[in-house]
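J.: Have a look at this one before I ask anything.
The values are calculated or read from the model by the stated rules, or taken from the named source; none is laboratory data. Since the model is a prediction, treat every value here as computed from it, not as a measurement. We place every Cβ from the backbone using ideal geometry, glycine too, and count neighbours over all the protein chains shown.
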Amino acid sequence: MIKGKKVGLRAVEKEDLILLRDWRNITDFRRNFREVRELSLTDQFEWFESLQRSKDTNFMFTIVDLATNKAIGAAGLLYINWIIRSGDFSFYIGENEKYIGNDGIAKEAASLLIEYGFNNLNLHKIWMELYEYDLQKINFFTKIFNFKKDALLRDNCFEDGKYWNSLIISLINKNH
């Protein structure tokens, strides 16, 4: 387990799948994910099996409250490209439908994953795609972690009867 002061990151276990499915199916969460359909438990098990087959390019974690050992969210570095040393950052706090929240938990968990990506996996760039209406995550990652805008993908999402742009934002490891 990767431990901070209040939270840790541990490998996703089969026992987490029901909770992860329930969080992923929260309507306000799902609209921010590339996978927009309602997920079944079978979908979650298939996703978990695909993670097991792609351990060299996908590092997915359950965020755990260290005081209670309770799962509170999910985070990962996915689709790692070892040639350019980049990974797609996946992240949310599911507990109490926080998504990000402002209690410092998300900041600590995201910091742990960024440090792991740069210092253990030796990544050069951590990036993510966010829809333009996902202001909570855009502000969180650009203001707290200094992620920079790399690209704008026009009309790349359809939500609430309207097309929306996607932003690609990234953080470069300045120690390389």
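J.: Name the single residue, out of those in region 12-30 being aliphatic (A, V, I, L, M), in contact with a strand residue (DSSP E or B) (Cβ under 7 Å, 6 or more places away or on another chain) and in a helix (DSSP H, G or I), that is nearest to ALA75 (Cα to Cα).
T.: So in region 12-30, the residues aliphatic (A, V, I, L, M) come out as 12, 17-20, 26.
With the extra rule that they be in contact with a strand residue (DSSP E or B) (Cβ under 7 Å, 6 or more places away or on another chain), the set shrinks to 12, 19-20.
Checking which are in a helix (DSSP H, G or I) leaves us with 19-20.
Working: LEU19: 14, LEU20: 11 Å.
For region 12-30, the residue satisfying everything is LEU20.
J.: Right, here's the next one. Taking the residues in region 60-80 that are without any contact (Cβ under 8 Å) to a residue 24 or more places away in the chain and not in a loop (DSSP other than H, G, I, E, B) as candidates, determine which candidate is nearest to ARG30 (Cα to Cα).
T.: Across region 60-80, the extreme among qualifying residues is LEU78.
J.: Would you confirm whether or not region 108-124 contains a residue that is modelled with pLDDT under 95, within 14 Å of the chain's Cα centre (by Cα) and surrounded by 17 or more Cβ atoms within 10 Å (Cβ to Cβ)?
T.: Within region 108-124, not a single residue is modelled with pLDDT under 95, within 14 Å of the chain's Cα centre (by Cα) and surrounded by 17 or more Cβ atoms within 10 Å (Cβ to Cβ).
J.: Which ones in region 128-147 are of a type in the set (Asp, Glu) and in a loop (DSSP other than H, G, I, E, B)?
T.: GLU132, ASP134
J.: So, of the residues in region 134-169 that are surrounded by 15 or more Cβ atoms within 10 Å (Cβ to Cβ) and touching a residue at least 60 places away in the same chain (Cβ under 8 Å), which turns out to be nearest to GLY104 (Cα to Cα)?
T.: LYS137
J.: On to the next question. State which residue is farthest from the chain's Cα centre (by Cα) when the search covers only region 57-93 and only residues that are under 19 Å from GLY104 (Cβ atoms) and of a type in the set (Gly, Ala, Ser).
T.: The residue in question is ALA67.
J.: Quick test of your reading of the structure: TYR92 fulfils all but one of (1) loosely packed, with under 14 Cβ neighbours inside 10 Å; (2) in contact with a helix residue (DSSP H, G or I) (Cβ under 8 Å, 6 or more places away or on another chain). Name the failing condition by number.
T.: Condition not satisfied by TYR92: (1).
J.: Looking for whichever is surrounded by fewer than 17 Cβ atoms within 10 Å (Cβ to Cβ), assigned to a helix (DSSP H, G or I) and not polar (S, T, N, Q) here; the options are PHE45, PHE33. Which one fits?
T.: Only one candidate passes the filter, namely PHE45.
J.: Against the condition of a type outside the set (Ser, Thr, Tyr), touching a Gly at 6+ places or on another chain (Cβ under 7 Å), within 28 Å of SER166 (Cα to Cα) and at pLDDT 95 or above, how does LEU66 come out, does it pass? Before you say what the answer is, go through the steps one by one.
T.: Numbers: of a type outside the set (Ser, Thr, Tyr): yes; touching a Gly at 6+ places or on another chain (Cβ under 7 Å): yes; within 28 Å of SER166 (Cα to Cα): no; at pLDDT 95 or above: yes.
No: the conditions fail for LEU66.
J.: Restricting the search to region 95-107, which residues are surrounded by 20 or more Cβ atoms within 10 Å (Cβ to Cβ) and closer than 17 Å to ARG30 by Cβ?
T.: So the first thing to find is which residues in region 95-107 are surrounded by 20 or more Cβ atoms within 10 Å (Cβ to Cβ), and the list is 99-100, 105-106.
If the condition is that a residue be surrounded by 20 or more Cβ atoms within 10 Å (Cβ to Cβ) and closer than 17 Å to ARG30 by Cβ, then TYR99, ILE100 are the ones that fit.
J.: Moving to a separate point now. Quick one: in region 1-54, which of the residues that are among the small types (Gly, Ala, Ser) and modelled with pLDDT of 90 or more is farthest from ASP160 (Cα to Cα)?
T.: Taking the candidates together, the pick is GLY4.
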